[in-house]
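Data block below; observations after.
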Amino acid sequence: MFVLVDPVFSGADLARAFKELGADWMPLYTDGPGRATGGGAAVAVERKPASVVAASRFGTEYAERLAAELGLPQQDPRQAVARRNLARMGQTLRAAGIPTVQGASLTTDTAAEPGPTLPAAWDTWPAVLRPDSAADAGVAVEVQDAERAGHALTALRALAPTAALLHMSAGDGTYQVHTVSSAGRHLVAEVQRHHETVADGVIRRRHSESLAGLSEPERRFLTVVPDCLDALGIREGAAVTELRLGPDGPEVVRVRSGLDGPRGSDDPYFAAFGFTRAHLLAESLLHPDRFEQRLTRNFTRPRALIRIDLRPPQGAYGRLSAIPGLNRLRRLPGFHSVTSLPSFGTPAPTDALSPLSWGAAYFVHEDESLLRSAAAVVHAMEDTGDLFTFSS
């Protein structure tokens, strides 16, 4: 039996994978600070689980604690603070010889007085504030000085009510490397390159490209990321490492343990790779012999995948009345599927930081340049208002 702690957002995909595979499991929810709600913890202890899994980033702290109490495989407790505090994380990684992007963890607790504050020693501008949310809202704010950073922190409270992250501007071409670990051995499951645009100081991720092949500089991720996990004591489960390519190679922005990100659609990932990250994590627990075989293979993927987070144009007004560009989108080369489109009558977003999803379009193909061309067409349709139509 397996315990999934806080199976929300992409953790719900993990729960679905466990159900599909016929596994015996139970959910366990926490209240945020790492305390289980209800009587779930007592039930979990009675059922003597084989593993406690952080099914989302919200569940990492309690999953580690419960695994330790039950004597089950867990992360290295000596690096617990470094895994949760961005400044300490950077110190730990640099001590291991791994270049990092300067950063700090910041509270946005509305109860804090006189409000959110910046580290006294911070003097690096411009900088980027990103919500520290398991939902991965895909938006951030570019700030030029401490005063604007304070205002932006207040604005981000709706997206990340507990914390935000401040680091040097990583610019376009940032990466996320998703991994699954078992007994200290790490499998790189997916390498994503993010395409972001900046408008009026708001940075928005337009699409994520899951790469089929890696350039020579990108191949360094395959050694740098496992080194990061080792330095931070991440031995079990899923993790995501954010990086950028600097002039001298990879630079780490942050590392987060636990299955991370928004909910996704399984089918395009199976079409591209033959698996999802959630299914790989389930496999590592349910079929460790199969997972062991994957650890011996080189990183190659039969196809690339692009996920486009659809958005209405800036300045849209009224309620959604039609999606006239949808069929054109479906006819683009490499199109696979579109999911989670908004209901007709949905109001246009009034806030540039609105996390409301307007759907996701997936494209899968062997030719990565073809996928990028298709993404460019979709973005042009979004920006010109040809995809979504609104009426008052």
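When the alpha-carbon atoms of the chain are used, the pair Rg, Dmax equals 20.8, 60 angstrom. With labels modelled as points extended 7 Å from the Cα through the Cβ direction, what inter-label distance (nm, one decimal) is found for Ser321 paired with Arg294? It works out to 4.8 nm between the two label points.
Potential lengthening of the chain between Asp351 and Ala380 amounts to 8.4 nm, from the contour at 0.36 nm per residue minus the alpha-carbon distance.
According to the square roots a ≥ b ≥ c of the eigenvalues of the Cα gyration tensor, what is the shape class of segment 196-330, taking rounded for a/c under 1.5, prolate for a/b larger than b/c otherwise, and oblate for the remainder? Prolate.
Give the carbon-plus-sulfur fraction of the accessible surface of the chain in %, rounded to a whole number; probe 1.4 Å, heavy atoms of protein chains only. Walk me through the numbers on the way to the answer.
Numbers: 8510 of 16940 Å².
Ligands and nucleic acids excluded, carbon and sulfur reach 50 percent.
For segment 285-325, the equivalent ellipsoid derived from the Cα gyration tensor has semi-axes of 44, 14, 9 Å, listed largest first.
At 1.4 Å probe size, put Glu20, Glu216, Glu368 in order of accessible surface, largest to smallest. Walk me through the numbers before you get to the answer.
Numbers: Glu20 110, Glu216 135, Glu368 40 Å².
Per-residue accessible area, sorted high to low, gives Glu216, Glu20, Glu368.
How big is D, in µm² s⁻¹, for segment 308-380 by Stokes-Einstein at 10 °C and 1.306 mPa s if Rh is the Kirkwood radius over C-alpha pairs?
Numbers: Rh = 13.2 Å.
Approximately 120 µm²/s, per Stokes-Einstein.
With a Förster radius of 56 Å, plug the Cβ-Cβ distance of Thr107 and Ser343 into 1/(1 + (r/R0)^6) and report the FRET value to the nearest 0.05. Here the calculated transfer efficiency is 0.95.
Computed over protein heavy atoms with a 1.4 Å probe, the accessible surface of the chain works out to 43 Å² per residue. For the chain, DSSP calls about 90 percent of its internal beta bridges antiparallel. Residue ranges 64-74, 2-12, 177-187, 313-323 sort as 2-12, 177-187, 64-74, 313-323 when ordered by packing (mean number of other C-beta atoms within 10 Å per residue, highest first). Using the rule -39500 (n - 2.57) for each DSSP H run of four or more residues, divided by the residues of the chain, the 222 nm mean residue ellipticity is -8500 deg cm²/dmol.
The values are calculated or read from the model by the stated rules, or taken from the named source; none is laboratory data. Not measured: the values here are computed from a predicted model. A quick note on method: Cβ atoms are made from the backbone with ideal geometry, for glycine too, and the neighbour counts reach across all protein chains shown. Surface areas here come from the heavy atoms of the whole protein model, side chains and all, with no ligands, DNA or RNA. Shrake-Rupley method; radii C 1.70, N 1.55, O 1.52, S 1.80 Å.
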